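The values are calculated or read from the model by the stated rules, or taken from the named source; none is laboratory data. Just so it is clear, the model here is predicted, and its values are computed rather than measured. All Cβ positions, glycine included, derive from the backbone under ideal geometry; neighbour counts span all protein chains shown.
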Amino acid sequence: MAANPTVLYPPPERDNSSAPSAKLLTVDNVNLEYRTRERIVRATHQVSFDVYGGDRFVLLGPSGCGKSTLLKAVAGFIEPVAGTIQIDGKPVQGPGADRIVVFQEFDQLPPWKTVLQNVAFPLRVAKKLSRAEARERALHFLDKVGLAAFADAYPHTLSGGMKQRVAIARALAMQPRVLLMDEPFAALDALTRRKMQEELLRLWDEASFTLLFVTHSIEEALIVGNRILLLTPHPGRVRAELNSHQFTKDSSGRSDFQQSVARIHRLLFDDTEAVQ
């Protein structure tokens, strides 16, 4: 295995503006650990990466590589035992409204609140907006995810995919600096998962947010991300960093897409893979 992470593709062209995207998130030599009954377990080892404004940055790796733990550390739920995490050059010191998480679980919506109330409530708690302004913004983002007609519905009446769209609308309504998504589509059936990937990319085109996305699906990483960090099996170390901006939601049948899937699989699981 290569000692240092490797960039497999040339850097992507960013937007058409003359100014380059600014570095937004910096993870520098981060070690994360958690305690079991028997011992302390190292989840990640000296992981470093940068996320720029407007990136769709994906953490990809097998189960147990620490990718979800990394996401929780960026969210401020876990403190590194070594290394630093910074947003806009300032250390992360706990959760904040500048980083909103969408989890995999469908039960993240309080069942006693309507869809509209679920999206508007965090805005009121954060004291960002008046009640009327929070309602207006909530309706705006519900419309963006195609659920304006379900504003008065309760979560138990929605499908899994619809619940995830509500969670995404709630997160985007907070207008975070970084939207954090922890395997948000993993529990969905294949057709719904594909639809949600397309919806996420459409929202990114419209809302221009920065995304940090965790998955163990190589295909999903290539479709959703424009940059991908590969993590080794436990404990998670950086294996490689690559750009996937050349792929879209319609790329899965292309030969270069399938070749990239195979190459990433070898990088993740074959120590003998030689990086060109």
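For segment 157-175, state whether one or more residues are outside any helix (DSSP H, G or I) and either in contact with a strand residue (DSSP E or B) (Cβ under 7 Å, 6 or more places away or on another chain) or within 23 Å of V27 (Cα to Cα) (or both).
In the first step, residues of segment 157-175 are kept if they are outside any helix (DSSP H, G or I); the result is 158-159, 174-175.
If we keep only those that are either in contact with a strand residue (DSSP E or B) (Cβ under 7 Å, 6 or more places away or on another chain) or within 23 Å of V27 (Cα to Cα) (or both) too, we end up with 174-175.
Yes, segment 157-175 has at least one match.
Any residue at all in segment 34-56 that is surrounded by 14 or more Cβ atoms within 10 Å (Cβ to Cβ), on the phi < 0 side of the Ramachandran plot, part of a loop (DSSP other than H, G, I, E, B) and at pLDDT 90 or above?
Taking every residue of segment 34-56 in turn, at least one turns out to be surrounded by 14 or more Cβ atoms within 10 Å (Cβ to Cβ), on the phi < 0 side of the Ramachandran plot, part of a loop (DSSP other than H, G, I, E, B) and at pLDDT 90 or above.
Could you say which residue among L211, L242 is closer than 29 Å to R170 by Cβ, at pLDDT 90 or above and touching a Leu at 6+ places or on another chain (Cβ under 7 Å)?
Numbers: L242 fails: closer than 29 Å to R170 by Cβ.
None of the others qualify; the one that does is L211.
Tell me whether segment 65-80 contains one or more residues that are in contact with a Lys or Arg (Cβ under 9 Å, 6 or more places away or on another chain), under 24 Å from Q197 (Cβ atoms) and modelled with pLDDT under 90. Walk me through it before giving the result.
First pass over segment 65-80, keeping only residues in contact with a Lys or Arg (Cβ under 9 Å, 6 or more places away or on another chain): 65-66, 74-76, 78.
Then keep just the ones that are under 24 Å from Q197 (Cβ atoms); that gives 65-66, 74-75.
Restricting the remaining residues to those that are modelled with pLDDT under 90 gives 65-66.
So far as segment 65-80 goes, yes, one or more of its residues are in contact with a Lys or Arg (Cβ under 9 Å, 6 or more places away or on another chain), under 24 Å from Q197 (Cβ atoms) and modelled with pLDDT under 90.
Among S244, S217, which is the only one that is of a type in the set (S, T, Y) and farther than 17 Å from D55 by Cβ?
Numbers: S244 fails: farther than 17 Å from D55 by Cβ.
Of S244, S217, the one residue that is of a type in the set (S, T, Y) and farther than 17 Å from D55 by Cβ is S217.
State whether the residues of segment 183-190 include one that is at pLDDT 90 or above and not in a loop (DSSP other than H, G, I, E, B).
No; the residues of segment 183-190 include none that is at pLDDT 90 or above and not in a loop (DSSP other than H, G, I, E, B).
Quickly run through segment 181-208 and pick out the residues that are surrounded by fewer than 23 Cβ atoms within 10 Å (Cβ to Cβ) and within 11 Å of the chain's Cα centre (by Cα). Can you show your working first?
Taking segment 181-208 first, the residues surrounded by fewer than 23 Cβ atoms within 10 Å (Cβ to Cβ) are 182-183, 186-199, 201-208.
Within segment 181-208, D182, E183 meet the criteria.
I'd like the residue in segment 79-102 that is among the hydrophobic types (A, V, I, L, M, F, W, C) and surrounded by fewer than 17 Cβ atoms within 10 Å (Cβ to Cβ) and, out of all such residues, is farthest from S21 (Cα to Cα).
Filtering segment 79-102 down to residues among the hydrophobic types (A, V, I, L, M, F, W, C) leaves 81-82, 85, 87, 92, 97, 100-102.
Retained after the next criterion (residues that are surrounded by fewer than 17 Cβ atoms within 10 Å (Cβ to Cβ)): 81-82, 97.
On the way: V81: 30, A82: 28, A97: 22 Å.
Of everything passing the filter in segment 79-102, V81 is farthest from S21 (Cα to Cα).
Of everything in segment 132-154 that's assigned to a loop (DSSP other than H, G, I, E, B) and surrounded by 15 or more Cβ atoms within 10 Å (Cβ to Cβ), which residue is modelled with the lowest pLDDT?
Pass one, segment 132-154, residues assigned to a loop (DSSP other than H, G, I, E, B): 145-147, 151-154.
Next, from what is left, pick out any that are surrounded by 15 or more Cβ atoms within 10 Å (Cβ to Cβ): 145, 147, 151, 153-154.
Working: V145: 88, L147: 93, A151: 96, A153: 96, Y154: 96.
Ranking the qualifying residues of segment 132-154, first place goes to V145.
Picking from L129, L179, L201, which residue would you name as being aliphatic (A, V, I, L, M) and part of a helix (DSSP H, G or I)?
Details: L129 fails: part of a helix (DSSP H, G or I); L179 fails: part of a helix (DSSP H, G or I).
That would be L201, the only listed residue that is aliphatic (A, V, I, L, M) and part of a helix (DSSP H, G or I).
If only one of I228, I223 is surrounded by 21 or more Cβ atoms within 10 Å (Cβ to Cβ), in contact with a helix residue (DSSP H, G or I) (Cβ under 6 Å, 6 or more places away or on another chain) and more than 26 Å from D88 (Cβ to Cβ), which one is it? Please lay out each step first, then the result.
Numbers: I228 fails: more than 26 Å from D88 (Cβ to Cβ).
None of the others qualify; the one that does is I223.
Do we find a residue being part of a loop (DSSP other than H, G, I, E, B) and more than 25 Å from Q46 (Cα to Cα) anywhere in segment 209-217?
Of the residues in segment 209-217, the ones part of a loop (DSSP other than H, G, I, E, B) are 209-210, 216-217.
Within this subset, residues satisfying the condition of being more than 25 Å from Q46 (Cα to Cα) are 209.
Looking through segment 209-217, at least one residue is part of a loop (DSSP other than H, G, I, E, B) and more than 25 Å from Q46 (Cα to Cα).
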